[in-house]
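Peer 1: Sharing a structure with you now.
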Amino acid sequence: AYSNGSWGVINNKGETIINTAYKEMFAIPNKEKTVFVYAYDVDEKTGEYKSKSIDDTGKPLFTQYDRVEAIENFDSKQNIWFEENVLRVLKNGKYGLIDCDGNKLLDTEYDSITSLKSVAGNLIVSKDGKVGVVNNKGQDIVPTKYSNVKILKEGYKNEYIIVDENNDSDKIEIGRAV
């Protein structure tokens with residue numbers, strides 16, 4: 001909900017869940033849970049920002065992390081969604097994953113974690129200059145040892161193109177190389 005320059009949250013019945021008191025829009029990573037993520041102290045010039053997570057009473061959640069973020073994804077038609085029931089967290093300059101109950105899915109040891117564009121539930125992880133793929137439960141799909149990982153075709157999450165440090169590429173299927 002947006003009113004008088006501030007954001008809040010309403011449910012599908014139009015009932016207020018969180019009052020319109022926040023300057024930035026909310027992300028709702030799981031419609032079944034009362035976990036809401038919002039950005040604040042946004043610097044439009046640099047793109048830097050802080051983020052927090054709160055419940056429906058405004059109580060802060062997951063405060064042991066420096067930043068809590070919903071993970072945005074989109075396809076070639078610009079349909080946008082947030083990865084469900086998974087949050088990217090930042091602690092001491094490294095990223096990890098938790099679920100919407102706060103359970104750790106991946107340790108905070110990655111340089112970055114981003115969505116695999118157009119593939120729901122698959123995330124690109126980067127560590128020490130190498131990339132891999134994990135699912136939204138934190139399980140390895142493609143080991144973090146390649147210089148690049150791409151999808152074979154949009155929306156298809158069973159086959160990937162992997163590129164090694166010599167710029168050689170290959171196709172890999174879940175569970176076996178082709």
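The values are calculated or read from the model by the stated rules, or taken from the named source; none is laboratory data. What you see is a predicted model; the values in this text were computed from it and never measured. Neighbour counts run over all protein chains shown; Cβ positions are idealised from the backbone, glycine included. Surface areas here come from the heavy atoms of the whole protein model, side chains and all, with no ligands, DNA or RNA. Shrake-Rupley method; radii C 1.70, N 1.55, O 1.52, S 1.80 Å.
Peer 1: Among the residues of region 1-58, write down those that are closer than 22 Å to N85 by Cβ, among the acidic types (D, E) and open to solvent by 70 Å² or more (accessible area, probe 1.4 Å).
Peer 2: Matches in region 1-58: E32 only.
Peer 1: Cβ contacts < 6 Å: first residue without any contact (Cβ under 8 Å) to a residue 40 or more places away in the chain, restricted to region 64-86; second residue open to solvent by less than 70 Å² (accessible area, probe 1.4 Å) and outside any strand (DSSP E or B), any location; separation 6+ or different chain. Result?
Peer 2: From residues that are without any contact (Cβ under 8 Å) to a residue 40 or more places away in the chain, the pairs are V68/F62.
Peer 1: Taking the condition of being among the aromatic types (F, W, Y), at pLDDT below 85 and under 16 Å from the mean Cα position of the chain (by Cα), how many residues in region 18-42 meet it?
Peer 2: Summing the residues that are among the aromatic types (F, W, Y), at pLDDT below 85 and under 16 Å from the mean Cα position of the chain (by Cα) in region 18-42 gives 1.
Peer 1: Collect the residues in region 69-81 that are open to solvent by 70 Å² or more (accessible area, probe 1.4 Å) and under 9 Å from the mean Cα position of the chain (by Cα), keeping them in residue-number order.
Peer 2: Selection gives E72 alone.
Peer 1: Which of the residues spanning region 104-118 are among the acidic types (D, E) and part of a strand (DSSP E or B)? Steps first, answer last, please.
Peer 2: Pass one, region 104-118, residues among the acidic types (D, E): 107, 109, 111.
The answer is D107, E109.
Peer 1: Continuing with the same structure: Could you list, ordered by first residue, the pairs with Cβ atoms under 7 Å in which the first is in region 148-166 and at pLDDT below 80 and of a type outside the set (K, R) and the second is open to solvent by 60 Å² or more (accessible area, probe 1.4 Å) and not in a strand (DSSP E or B), at least 6 apart or interchain?
Peer 2: E154/S76; N158/I174; E159/L152
Peer 1: Counting only residues that are loosely packed, with under 15 Cβ neighbours inside 10 Å and more than 24 Å from T34 (Cα to Cα), which one in region 100-116 is nearest to the chain's Cα centre (by Cα)?
Peer 2: S112
Quick grid of which residues meet (1) open to solvent by 30 Å² or more (accessible area, probe 1.4 Å); (2) in contact with a Ser or Thr (Cβ under 8 Å, 6 or more places away or on another chain); (3) within 17 Å of E83 (Cβ to Cβ):
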site: K127; (1), (2), (3): yes, yes, no
site: G132; (1), (2), (3): no, yes, yes
site: N136; (1), (2), (3): yes, no, yes
site: D140; (1), (2), (3): yes, no, yes
site: S147; (1), (2), (3): yes, no, no
site: K153; (1), (2), (3): yes, no, no
site: E159; (1), (2), (3): no, no, no
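Peer 1: Could I ask something else about it? Of the residues L61, L87, L97, which single one is touching a Cys at 6+ places or on another chain (Cβ under 8 Å) and either at positive phi or buried (at least 18 other Cβ atoms within 10 Å of the Cβ) (or both)? So that I can check it myself, show each step before the final result.
Peer 2: Values: L61 fails: touching a Cys at 6+ places or on another chain (Cβ under 8 Å); L97 fails: touching a Cys at 6+ places or on another chain (Cβ under 8 Å).
Only one candidate passes the filter, namely L87.
Peer 1: Also: Quick check on K130: is it farther than 22 Å from E69 by Cα, in contact with a strand residue (DSSP E or B) (Cβ under 7 Å, 6 or more places away or on another chain) and at pLDDT below 80?
Peer 2: Values: farther than 22 Å from E69 by Cα: yes; in contact with a strand residue (DSSP E or B) (Cβ under 7 Å, 6 or more places away or on another chain): yes; at pLDDT below 80: no.
No, not satisfied.
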